[in-house]
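Participant: Let me begin by handing over the structure; questions about it come next.
Every number in this text was worked out from the coordinates using simple rules, so none of it is lab data. Because the structure is a prediction, the values reported are computed rather than measured. For neighbour counting, all protein chains shown are included, and Cβ atoms are generated from backbone atoms with ideal geometry for every residue, glycine included.
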Amino acid sequence: MQALCRDCLTLSTPSRRCAHCGSRRMLAHAELSDLAIAHMDCDAFYASVEKRDNPELADKPLIIGGGRRGVVSTACYIARIRGVRSAMPMFQALKLCPEAVVLKPRMTAYAEASRSIRAMMQDLTPAIEPLSLDEAFLDLTGTARLHGAPPAVMLARLTNRMRDELGLTGSIGLSYNKFLAKVASDLDKPRGFSVIGRGDAAAFLRDRPVSLIWGIGPSAQSALERAGIRTFADLLRWERTELVARFGATGDRLWHLARGEDTRPVSADAPVKSISNETTFDADTDDTDILDGHLWRMAEKVSDRAKAKDLAGQVVTLKLKRADHSTLTRRVALRDATHMADTIYRTARGLFDRVADLGPFRLLGCGISDLVSADQADKSGDLLDPEAAQRGRAERATDAIRNRFGSDAIRKGRALR
Amino acid sequence: MKISIERSTLLKAVSQAQSVVERRNTIPILANVLIEADGNEVQFRATDLDIEVLDKSPAQVERAGATTVAATTLHEIVRKLPDGALVVLTADEAAGRLTVEAGRSNFTLATLPKEDFPVMASSEYETSFTAKAAVLRRLFDKSKFAISTEETRYYLNGVYMHISESDGGNVLRCVATDGHRLARIDADLPEGAAGMPGVIVPRKTVGELRKLLEDDEMDIAVSVSETKVRFATPNITLTSKVIDGTFPDYSRVIPQGNNRRLEVDAAEFAQAVDRVATVSSERSRAVKLQLGEDRLILSVNAPDSGAAEEELAVAYGDEPLEIGFNAKYLLEIATQVDRENAVFLFNSSGDPTLMREGNDTSAVYVVMPMRV
């Protein structure tokens, strides 16, 4: 068995302290030098960036979220001790931790930090699959000779560099596939490094709940529970065909995951499945004019992102959250895929009009899905809307102006509502 | 209630009823057909609250009465009985059962009380007229393909039946459109139809109506009000709510100035479109039309799956033109043409195209082009 000192990065035989530098941060595992698929997850990323940039916040509980009414995007570890969690409504978080400092997210700062981390990861491998600003899969297969060190050493070096050069920390999960790497990175947060090898995967999974699987949410969980499946051991009792019969493609995936198998590659450009944007309001509203303004801005953001990626959507979705936090979604398939803000807005507005009287609302979002390439978009016009072609030309002209002079150079009146 | 009825008569009545009842409904009584027997006649009534169909059939009524029973189950049973059988229906109101007997077969079905059955309120019809089945069949058959399924523009989910002016006279007109194609079909104004309010006849009603129109010479009594429309033969009465909405002003959609004229054999054209479209697997298959002096090249280019091209001899004398269409839309309008050549009138590759049969303006189709 080999052991890695996470401070001086020397490999030695397992012991409590590093023989070289005396550090206690020792990581021992039988397959330490053989594993190459990793998941890196920053620790309380948004909060850590804020604390780094403003040392006065260092020992205060800190919550990053959209104002007093939105939800928690990130809570620092001090706030987490009090029970604050991501995605928790802000009022609830503040009930648990009233003295917390609440900051609105500064996405540009986080994006900047994310880019720096991404650049450090690029030094390890080009096979990086970012899941968001603060987490990514890395495939270091075959890089040992290039780096002169096994992946485990390079990953420990990566988090050390992040700490020293960027003032940010992250946790590493190292395994032989994406599923287990992601599970591992969560085991020892913050500043963690966990390894799940081929030899210990089965024993590790056996008594864990299936909710460990990314994508198994509360509803899938209860469906599984109805079938008597709570842990991975329960899953192992099922025949593959039975699982497929009951849960379809998901069943097949579950069968493999239960055996620690996951063949999904780490892919640098995973296909986008949908593009959406949403916003939580400062105050609940049923004012159609205000909601219309939000709807236009959301449609425009979705359109901007779709155009930037050369994609168009066949389906438009509207999402609303009512004052009691219940969510309404409405979707409609278009005859012709689109990425035009005007079409997305008008379609979503049609959906909105049918549920408008269910307000007041606290959140509004819209998006497109069933994506196709942009050259398949907006191919035919609408007989009953002869002005649509003209509005399309106006939108293209507007885009050209915004590309040249910035996104605020020209706006629609309704964007100001 | 106890009646004896000929199997084929019963089957006709029950199959009409079961197609009206909503299969996925949460109100049990709406799955049932109301059977009322009196004199020497039995009435079958079914509704989905928007459409009601009433069938009167001759039967030997031993004991008058009424009950309701699941329409689909009764239909399935009658369908499976041997042809020519005599069916005896006996309702036991107290036990809530209906027995169905034919030969040695015997079925018992649960019933619901007739009082629970929602009978559509009768209304005052402003206009009533009579039209031959063949006339109505042409009006609806040639327009229904263009009915929209889009929920947001619900007022397009039917055929707009109204009175309109054409060549100085009034006509009975049916229009349907989904924003991509439009059909406008005219018929001579039936006596008594003048002053009829325009109504949007829902898609499902159009489907049910079609079953009443098989016999060319049958007189159909049509009654129209602002909110309802009724079509009746001597035996069957179909009553439907109309779509509560305003049909868009379609007249501005029909191009007036298109003067590039293509004349082509409709059947040949449809077959060629169908053939070249085979290579494309996309949801909306685009066909390109390249027009030159007396020839038309149809082509499909699907980068992922292949390409196809076919040339047709046509009559065309204008400047060359390239224009794309959704293959399905082209096929649908081309198959409406059954007597003469199809005449297409184009403007530019971005403008709506008009199609009609020869010089007959009583059936006009408009289709939106597609970028290819």
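Participant: On a 29 Å Cα-Cα criterion, which of the cross-link pairs A:Lys319/A:Lys412; A:Lys95/A:Lys321; B:Lys132/B:Lys204; B:Lys80/B:Lys228; A:Lys301/B:Lys144 come out too long?
Facilitator: Values: A:Lys319/A:Lys412 22 Å; A:Lys95/A:Lys321 22 Å; B:Lys132/B:Lys204 21 Å; B:Lys80/B:Lys228 36 Å; A:Lys301/B:Lys144 39 Å.
Beyond 29 Å between Cα atoms: B:Lys80/B:Lys228; A:Lys301/B:Lys144.
Participant: Which loop-located chymotrypsin sites (Phe, Trp or Tyr not before Pro) does the stretch B:66-159 contain, where loop means any DSSP state but H, G, I, E or B and the Cβ has at most 11 other Cβ atoms within 10 Å? Walk me through the numbers on the way to the answer.
Facilitator: Values: sites: B:Phe107, B:Tyr125, B:Phe129, B:Phe140, B:Phe145, B:Tyr154, B:Tyr155; in loops: B:Tyr125.
Taking the stretch B:66-159 and a limit of 11 other Cβ atoms within 10 Å, no loop chymotrypsin sites (Phe, Trp or Tyr not before Pro) are found.
Participant: Counting only C-alpha contacts under 8 Å and six or more residues apart, can you give the relative contact order of chain B as a whole percent? Mind dumping the intermediate values first?
Facilitator: Working: 888 pairs, mean separation 46.0, N = 372.
This gives 12 percent for chain B.
Participant: Follow-up. How much net charge surrounds B:Arg137 when only other residues with a Cβ under 14 Å from its Cβ are counted (Lys, Arg +1; Asp, Glu -1)?
Facilitator: On the way: positive: B:Lys132, B:Arg138, B:Lys142, B:Lys144, B:Arg210, B:Lys211; negative: B:Asp141, B:Glu208, B:Glu214, B:Asp215, B:Asp216, B:Glu217, B:Asp219, B:Asp338.
Net local charge, B:Arg137 excluded: -2.
Participant: Nearest 10 degrees is fine. How inclined is helix A:341-353 to the longest principal axis of chain A, computing both from alpha carbons?
Facilitator: The answer is roughly 80 degrees.
Participant: Same structure again: Helix A:288-308 against the longest principal axis of chain A: what's the angle in degrees, Cα atoms only, rounded to the nearest 10?
Facilitator: Once rounded, the angle reads 60 degrees.
Participant: What percent do you get for the relative contact order of chain A when only Cα pairs under 8 Å and 6+ apart count? Each step should come with its number before you reach the end.
Facilitator: On the way: 755 pairs, mean separation 51.6, N = 417.
Answer for chain A is 12 percent.
Participant: A further question follows. Suppose each label sits 7 Å from its Cα in the direction of the beta carbon; what would the A:Arg404-B:Arg23 distance come out to in nanometres?
Facilitator: If labels sit at A:Arg404 and B:Arg23, their model points lie 5.8 nm apart.
Participant: Near B:Leu291, within a Cβ-to-Cβ distance under 12 Å, what is the net charge of the other residues, with Lys and Arg +1 and Asp and Glu -1?
Facilitator: Numbers: positive: B:Arg260, B:Arg261, B:Lys288, B:Arg295; negative: B:Glu263, B:Glu293, B:Asp294, B:Glu311, B:Asp318, B:Glu319, B:Glu322.
Once all neighbours under 12 Å are counted, the net charge is -3.
Participant: Is chain A best put as rounded, prolate or oblate by its Cα gyration tensor, with a ≥ b ≥ c the root eigenvalues, rounded for a/c under 1.5, and otherwise prolate when a/b is larger than b/c, oblate when not? Don't jump to the answer; show the numbers that get you there.
Facilitator: Working: a/c = 1.79, a/b = 1.59, b/c = 1.12.
Since a/c reaches 1.5 and a/b is larger than b/c, the shape of chain A is classed as prolate.
Participant: Same structure, new question: List the aspartates and glutamates whose Cα sits under 14 Å from the Cα of A:Lys379, skipping any in the same chain fewer than 8 residues away.
Facilitator: By straight Cα distance, A:Lys379 reaches A:Asp336, B:Glu282, B:Asp351.
Participant: Expressed as a whole number of Å, what is the distance separating the alpha-carbon centroids of the stretch B:113-186 and the stretch B:266-330?
Facilitator: Measuring centre to centre over Cα atoms gives 32 Å.
Participant: Nearest 5 percent is fine: what portion of the DSSP beta bridges confined to the protein assembly as shown is antiparallel? Don't skip to the end; give the middle numbers.
Facilitator: Values: 172 of 178 bridges.
Antiparallel: roughly 95 percent of the beta bridges in the protein assembly as shown.
Participant: In addition: So which lysines pass the test for A:Lys51, namely a Cα distance under 20 Å, with those fewer than 8 places away in the same chain ruled out?
Facilitator: Result set, ordered by chain and number: A:Lys60, A:Lys104, A:Lys189.
Participant: If you don't mind, there's one more thing I want to ask. Among B:Ala286, B:Ala95, B:Ala313, whose mean-square fluctuation peaks in a Gaussian network model of chain B (Cα, cutoff 10 Å)?
Facilitator: Its mean-square fluctuation being the largest, the pick is B:Ala95.
Participant: In addition: Charges at C-beta only: +1 for Lys and Arg, -1 for Asp and Glu. How large is the resulting dipole of chain B about its Cα centre, in Debye rounded to 20? Present the calculation step by step, with values, prior to reporting the outcome.
Facilitator: Numbers: 41 positive and 57 negative charges, 205 e Å.
In debye, rounded to 20, chain B gives about 980.
Participant: Lys/Arg Cβ at +1, Asp/Glu Cβ at -1, dipole of the stretch B:165-224 taken about the Cα centre: which of B:Leu209, B:Ile220, B:Gly179 is farthest positive-ward?
Facilitator: Farthest along the dipole direction, towards plus: B:Gly179.
Participant: GNM on chain A, C-alpha springs below 10 Å: top fluctuator among A:Glu278, A:Glu165, A:Glu50?
Facilitator: A:Glu165
Participant: Still on this structure, please answer the following. When only Cα pairs under 8 Å and 6 or more residues apart are kept, what is the percent relative contact order across the stretch A:205-258? Spell out each step's value before the answer.
Facilitator: Numbers: 46 pairs, mean separation 17.5, N = 54.
RCO, the stretch A:205-258: 32 percent.
Participant: With a/c under 1.5 counting as rounded, go ahead and sort the stretch B:2-116 into rounded, prolate or oblate using the C-alpha gyration tensor (a ≥ b ≥ c being the square roots of the eigenvalues; past the cut-off, prolate if a/b is larger than b/c, else oblate). Can you show the working numbers first?
Facilitator: Values: a/c = 1.42, a/b = 1.31, b/c = 1.08.
Rounded, since a/c falls under 1.5.
Participant: So if I take the centroid of the Cα atoms in the stretch A:179-246 and the same for the stretch A:88-158, what is the distance between those two points in Å?
Facilitator: 24
Participant: Which of B:Leu81, B:Ala302, B:Gly292 sits farthest toward the positive end of the charge dipole of chain B, with +1 on the Cβ of Lys and Arg and -1 on the Cβ of Asp and Glu?
Facilitator: Toward the positive end, the furthest listed residue is B:Leu81.
Participant: Oh, and also: Mind checking which lysines have their Cα closer than 19 Å to the Cα of B:Lys56? Skip sequence neighbours fewer than 8 apart in that chain.
Facilitator: B:Lys2, B:Lys12, B:Lys114, B:Lys211
Participant: By counting other Cβ atoms within 10 Å of each Cβ, how are A:Trp238, A:Trp296, A:Trp214 ranked from fewest to most? Could you put the intermediate results ahead of the total?
Facilitator: Details: A:Trp238 20, A:Trp296 25, A:Trp214 13.
Ascending number of Cβ neighbours within 10 Å: A:Trp214, A:Trp238, A:Trp296.
Participant: How far is the Cα center of the stretch A:3-59 from the Cα center of the stretch B:37-96, in Å?
Facilitator: Rounded to whole Å, the Cα centres lie 80 Å apart.
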